[in-house]
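The values are calculated or read from the model by the stated rules, or taken from the named source; none is laboratory data. Since we're looking at a predicted model, the values are computed, not measured. Neighbour counts are summed over all protein chains in view; Cβ atoms, including those assigned to glycine, are modelled from backbone coordinates with ideal geometry.
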Amino acid sequence: MFKKRIWMPIFIGFCWLISIGGVVVLMSFIEVKKSEVLCRDVRVYIPGSQYFIDRQEVDNILKVKSHALIGRPIEDINIQQLEMKLKANPFIESAKVYIDMSDVVMVEISQRQPILRIMNQFDQDFYVDQNGLKIPLSNNFTARVLAANGFIDEPFGGKVDSLHTDVAEQVFRTADFIRKDSLWSAQIAQIYVTQQHEIELIPRVGNQRILLGNADSLDAKFANLLLFYKKALPQAGWGTYKAINIKYANQVIGVKNQFTKQDSLKMIAKRDSLTISAIKDDSAKIKKDTSQIKY
């Protein structure tokens, strides 16, 4: 009984020693085999329909055609370095690089999604993506997004950057609201910023300027605008008003053209109904010049 107690720990230790030795030998064998394994191919996956960056540009970044990867030992490929090179491209939001079981380098790229194109007062042209980041234009692809121009003093340094001015933030919030609503994304064609840094919207249907003011209370303002479209315009006619003022969350003011009666239509919004009354023309207070608006 005493001998069994002595030999049992020795036997267990011996088993552990053999196991560890086997693991070491196996790992060394794997390392030898790994050094002999070569990269067979590079496969690139770019989801989405907006191709700011294509396979050829990815190949150029990774130097695929110069055989910098294909035929190279797997252990010599620095995955993190490849991801950093890809992320340096302004159109790439994220990049994932890994090697699969078939010794193929897999590249998964997520592109930035622009929602707005700004033409600032310094004649600089750039996109703003869904995260509010400025990105340059692309030679490969032109995004069909809402355009904004006028007195926008947001500078652009040619690289990915955040928005720095309040007016650009206001324009971005407005564009983001519009693009999330199928009705308004179809109806609003352009954003214009006045010299007073107030926002005007240019519709696709109708010649009225929509005076938004700022990006506060957008839900209420656009709800009032929808009521105006449903209640007032069918009765008065689409050509009756030169401007629709929705600056205030509780009312809509339709300013008539000079060829119609010199009064405005003031509509007090109460949920799903409107109280309408005629008031004296206040178009003189709205110092806007249609000739300033660029199409």
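At a glance:
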| read-out | value |
| --- | --- |
| Odd one out for Tyr127 among (1) outside any helix (DSSP H, G or I); (2) over 23 Å from the mean Cα position of the chain (by Cα) | (2) |
| Residue selected from segment 94-122 under the condition hydroxyl-bearing (Ser, Thr, Tyr) and part of a strand (DSSP E or B), by the criterion surrounded by the most Cβ atoms within 10 Å (Cβ to Cβ) | Ser110 |
| Criterion (within 16 Å of Tyr192 (Cα to Cα) and touching an Asp or Glu at 6+ places or on another chain (Cβ under 9 Å)) met by exactly one of Ile152, Ile109, Ile115 | Ile115 |
| Test: residue in segment 38-58 that is closer than 28 Å to Gly158 by Cβ, in contact (Cβ under 8 Å) with a residue 60 or more places away in the chain and part of a helix (DSSP H, G or I) | yes |
| Identity of the residue in segment 40-53, loosely packed, with under 14 Cβ neighbours inside 10 Å and modelled with pLDDT under 85, that ends up nearest to Ala88 (Cα to Cα) | Gly48 |
| Residue identified as at pLDDT 95 or above and either farther than 18 Å from Leu226 by Cβ or of a type in the set (Lys, Arg) (or both) among Phe151, Phe141, Phe177 | Phe151 |
| Criterion violated by Asn224 - all others in (1) modelled with pLDDT under 95; (2) closer than 23 Å to Ala168 by Cα satisfied | (2) |
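A quick yes/no check of all residues on (1) closer than 26 Å to Thr142 by Cα; (2) touching a strand residue (DSSP E or B) at 6+ places or on another chain (Cβ under 7 Å); (3) modelled with pLDDT under 90:
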residue	(1), (2), (3)
Leu38	no, yes, yes
His67	no, no, yes
Ile70	no, yes, yes
Asp76	no, no, yes
Glu83	yes, yes, no
